[in-house]
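One structure is given here, and the rest of the page talks about it.
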Amino acid sequence: MQRLYRKRIVLGVGGGIAAYKSAELVRRLRDQGAEVRVVMTSGGREFITPLTLQALSGHPVHLDLLDPAAEAAMGHIELARWADLVLIAPTTADLMARLAQGVANDLLTTLVLATNAPIALAPAMNQAMWADPATQANRVLLQQRGIRLFGPASGSQACGDVGMGRMLEADDLAQAAADCFERSLLTGLHLLITAGPTQENIDPVRYITNHSSGKMGFALAEAAAEAGARVTLVAGPVFLPTPDRVQRVDVVSARDMLTACEAAMPCDLFVAAAAVADYRPEVIAPHKLKKDPSKGDGLLLQMVRNPDILATLAGREDRPFSVGFAAETENLLEYATRKLRDKNLDLIVANDVANPSIGFNSEENAVTVIDRQQHETRFSQASKGHIARQLIAFIADRFHQA
Ligand code: C5P
């Protein structure tokens with residue numbers, strides 16, 4: 001399995017002899033499925049050429065903070081945001097000192113201050129430099145701030161000394177990078193998700209729909225992609241941008257949604273966050289319906305049941321781990337538990353759409369997840385993005401226990 005599938009790694013290369021191993025590291029990271037962008041310090045460039053790392057990473061190497069061409073292509077703030085992990089290998093004693101002090105006097109140190117991604121350092125230096133109290137104090141400070149250290153290892157050094165300070169080998173560093181994403185419990189799995197309302201046509205100009213904005217489903221799709229899943233998002237008519245790294249299929253009606261979901265099978269997990277119309281007009285009038293005085297003031301629309309997408313997928317032989325949503329205005333937990341049983345689900349996410357500060361069209365949500373043992377787990381009110389990340393972690397956890 002590619003443990004770094006679609007992970008975005010900024011590899012910082014400092015100025016040490018171990019920089020020759022960085023070329024191999026780029027290859028190992030890419031073998032594991034990662035996308036790699038390289039940032040070099042001026043010292044790093046003395047030991048290995050940007051051209052080598054450009055050829056291996058498949059992207060131009062970022063060198064200078066004040067290079068207008070590089071900034072126009074992908075600026076340092078953009079690069080800091082792009083990263084899922086910043087790995088600096090080799091990290092020299094000087095880099096450790098600058099990072100410990102929060103100095104931002106080149107592209108790499110600036111990027112470290114600007115990123116929210118986890119940061120990992122692979123120290124590489126002479127054993128006496130590593131043992132020096134100044135370096136050790138910097139190490140402690142950096143670790144206290146949550147920065148991870150990969151190594152160093154002990155052994156013979158390029159300078160002829162023997163001791164602690166050797167950079168880990170490329171393979172070990174790639175594995176350590178993958179370990180940083182262990183929480184990405186969905187790596188390598190296919191997650192199919194429905195979102196938004198469906199639209200059921202009455203005639204060429206009119207339709208029946210509901211208030212679903214699709215925000216919760218889109219936030220879940222984004223969180224699942226961040227957690228390493230390959231995500232297929234089948235979306236009803238909504239006005240939302242496609243989250244990064246998500247394969248989107250736009251549909252209109254419930255029947256289209258079912259067809260798109262069946263086409264996307266097989267999947268490991270299915271999350272049905274769409275508010276699917278239960279009924280549709282039996283016939284779609286070929287022309288705009290006219291007011292008909294002979295029929296009085298009323299209009300009778302014959303409606304028929306739509307297929308239940310969730311129950312259909314959860315009933316298949318190659319059934320995915322299935323998660324439903326129950327948006328209710330009353331008897332929330334009772335109705336949700338009944339749906340979990342009737343639709344043969346693993347989990348159901350109940351949300352109270354009668355409360356105007358959560359649910360349909362609002363920015364926030366609060367939900368209760370119910371499992372087959374009727375155990376309830378509550379996620380209190382927060383932004384839909386926050387709830388989505390919590391839900392995806394919970395779903396992933398239960399998927400792996402199943
Ligand atoms: O029965 P109800 O519509 O309340 O069930 C809600 C859950 O079932 C949601 O997860 C929704 O996405 C899913 N559903 C579906 N197809 C339908 C109706 C609901 O997938 N036709």
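The values are calculated or read from the model by the stated rules, or taken from the named source; none is laboratory data. Just so it is clear, the structure is predicted and the values come from calculations on it, not from any experiment. Because the Cβ atoms are built from the backbone with ideal geometry, glycine has one as well, and the counts that use them run over all protein chains shown. Please note that ligands, DNA and RNA were not included when accessible areas were found on the heavy atoms of the full protein model with its side chains. Shrake-Rupley method; radii C 1.70, N 1.55, O 1.52, S 1.80 Å.
Once ligands and nucleic acids are excluded and a 1.4 Å probe is used, how much of T259 is accessible, expressed in Å² to the nearest 10?
Estimated to the nearest 10 Å², T259 gives 90 Å².
Under a GNM of the chain (C-alpha, springs under 10 Å), which listed residue has the highest mean-square fluctuation: R37, R316, R248?
Judging by the Gaussian network model, the answer is R316.
Placing unit charges on C-beta atoms (Lys and Arg positive, Asp and Glu negative, everything else neutral), compute the dipole magnitude of segment 8-179 about its Cα centre in debye, rounded to 20.
220
Could you work out the percent of alpha carbon pairs in the chain separated by over 34 Å, rounded to a whole number?
Every Cα pair in the chain considered, those over 34 Å come to 44 percent.
So what's the back-of-envelope 222 nm ellipticity for the chain, counting only DSSP H runs of four-plus at -39500 (n - 2.57) apiece and dividing by all residues, rounded to 500?
It comes out at -10000 deg cm²/dmol, rounded to the nearest 500.
Between A55 and V140, what's the calculated FRET efficiency when r is the beta-carbon distance and R0 is 41 Å? Round to 0.05.
0.60
Could you state the accessible area per residue of segment 8-179 in Å², with a 1.4 Å probe and every protein chain left in place?
43
Looking at the chain as a GNM with Cα springs under 10 Å, which of E200, E46, E334 has the largest mean-square fluctuation?
Top of the fluctuation ranking is E334.
From the Cα trace of segment 345-402, what convex hull volume per residue do you get, rounded to a whole Å³?
Taking only Cα atoms, segment 345-402 has a hull volume of 78 Å³ per residue.
Where does each of D352, D244 land when they are ordered by accessible area, with a 1.4 Å probe and the largest first?
My answer, sorted largest first, is D244, D352.
Please find the FRET efficiency linking R319 to R245, where r is the Cβ-Cβ separation and R0 is fixed at 30 Å, and quote it to the nearest 0.05.
Using R0 = 30 Å, I get an efficiency of 0.70.
For the modelled label position 7 Å from the Cα of D161 along Cα-to-Cβ, which residues of segment 109-150 have backbone nitrogen atoms closer than 11 Å?
Answer for segment 109-150: 125-133.
Quick check: residue separation of A73 and V205 times 0.36 nm, minus the Cα distance between them. What number comes out in nm?
Full-extension gain reported as 43.1 nm.
Net charge around A260, counting only other residues with Cβ within less than 12 Å of its Cβ (Lys, Arg = +1; Asp, Glu = -1)?
-1
Taking each pair of different alpha-carbon atoms in segment 8-179 once, compute 1/r for the pair, average those values, and report the inverse of that mean as the Kirkwood hydrodynamic radius in Å to one decimal.
Computed over segment 8-179, the radius equals 15.7 Å.
For a Förster distance of 51 Å, can you work out the FRET efficiency between the beta-carbons of E334 and D172, rounded to the nearest 0.05?
The value I calculate is 0.45.
Quick one: if you stick a label point 7 Å off each Cα along the C-beta vector at S362 and N116, how many nm between them?
2.3
Each residue of segment 273-284 in turn: what ³J(HN,Hα) in whole Hz from Karplus with 6.51, -1.76, 1.60 and θ = phi - 60°, glycine and Pro shown as x?
Result, ordered by residue: 9, 6, 9, 7, 5, 6, 10, 9, x, 4, 10, 8 Hz.
So for segment 8-179, taking the charge dipole from beta-carbon charges (+1 Lys/Arg, -1 Asp/Glu), which of M40, A72, P133 sits furthest toward the positive end?
In segment 8-179, that residue is P133.
Tell me the carbon and sulfur percent of the accessible area for segment 206-254, rounded to whole percent, probe radius 1.4 Å.
Using a 1.4 Å probe with all protein chains present, segment 206-254 comes out at 54 percent carbon and sulfur.
Give the percent of DSSP beta bridges with both residues in the chain that are antiparallel, rounded to the nearest 5.
30
Convert each backbone phi in segment 372-384 into a coupling constant with the Karplus relation 6.51 cos²θ - 1.76 cosθ + 1.60 (shift: θ = phi - 60°), then list the ³J(HN,Hα) values in order as whole Hz, x for Gly and Pro.
5, 8, 6, 7, 9, 10, 9, 10, 6, 4, 7, 4, 4
Quick check: the distance between the Cα centres of segment 191-265 and segment 362-392, to the nearest angstrom?
20
Whenever you get a sec, line up Y335, Y20, Y207 from highest to lowest accessible area (probe 1.4 Å, protein heavy atoms).
Y20, Y207, Y335
If you take every DSSP beta bridge whose two residues both sit in segment 8-179, what share of them, in percent to the nearest 5, is antiparallel?
20
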